[in-house]
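The values are calculated or read from the model by the stated rules, or taken from the named source; none is laboratory data. Note that this is a predicted model, so its numbers are computed, not measured. Ligands, DNA and RNA are stripped out before the accessible areas are found, and what is left, the full protein with its side chains, is counted by its heavy atoms. Shrake-Rupley method; radii C 1.70, N 1.55, O 1.52, S 1.80 Å.
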Amino acid sequence: MYVSMSRLRVAASESDALIAAFRDRVHLVDDAPGFIDLEVWRSDRDPEEVLMVSRWRDREAFTAYMRSEQHRISHDRIDPALQTAIRLERLEHLHTYDVVAR
């Protein structure tokens with residue numbers, strides 16, 4: 001499994017709009033080969049901190065999607081004013097791991 005986590009910063013006044021944008025997404029990633037799931041988390045202590053966590057079969061599947069037309073289309077739909085309000089604070093890619101127990 002490959003996990004990508006984007007730590008986003010957005011003004012508290014724009015936080016709800018960012019969450020709404022994720023909820024209203026076109027779900028193109030859902031059909032991407034190797035995609036497992038996507039969750040968006042908002043800090044209960046800091047409403048300006050939003051994490052986007054996606055899980056993939058492997059790094060190659062993630063990389064292929066990031067270079068795809070579907071990814072471009074998904075991001076082109078974001079309101080330009082909201083897009084300028086979002087700051088990528090940190091991008092973390094967790095190494096590939098085998099799930100060995102649940």
Over the chain, the sum of -39500 (n - 2.57) across DSSP H runs of at least four, divided by residue number and rounded to 500 deg cm²/dmol, gives at 222 nm -9000 deg cm²/dmol
I need the Debye-formula profile for the stretch 13-73: one equal scatterer per C-alpha, no solvent, reported as log10 I(q)/I(0) at q = 0.29 1/Å, two decimals. -1.20
Compute the acute angle (0 to 90°) between the alpha-carbon long axis of helix 12-23 and the principal axis of greatest extent of the alpha-carbon atoms of the chain; round to the nearest 10°. 40 degrees
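In square angstrom, what is the accessible area per residue of the stretch 1-62 with a 1.4 angstrom probe?
Details: 3430 Å² over 62 residues.
Accessible surface, normalised per residue, equals 55 Å².
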Could you pull the accessible area for residue 16 with a 1.4 Å probe, rounded to 10 Å²? 100 Å²
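In Å, the Kirkwood hydrodynamic radius of the chain over pairs of distinct alpha carbons? It would help to have the intermediate numbers written out before the result.
On the way: mean 1/r = 0.0692 Å⁻¹.
Averaging 1/r across every pair of different Cα atoms and inverting gives 14.4 Å.
For the chain, what % of the accessible area comes from carbon and sulfur atoms, probe 1.4 Å? Numbers along the way, then the final one.
Details: 3540 of 6900 Å².
The C+S portion of the solvent-accessible surface of the chain is 51 percent.
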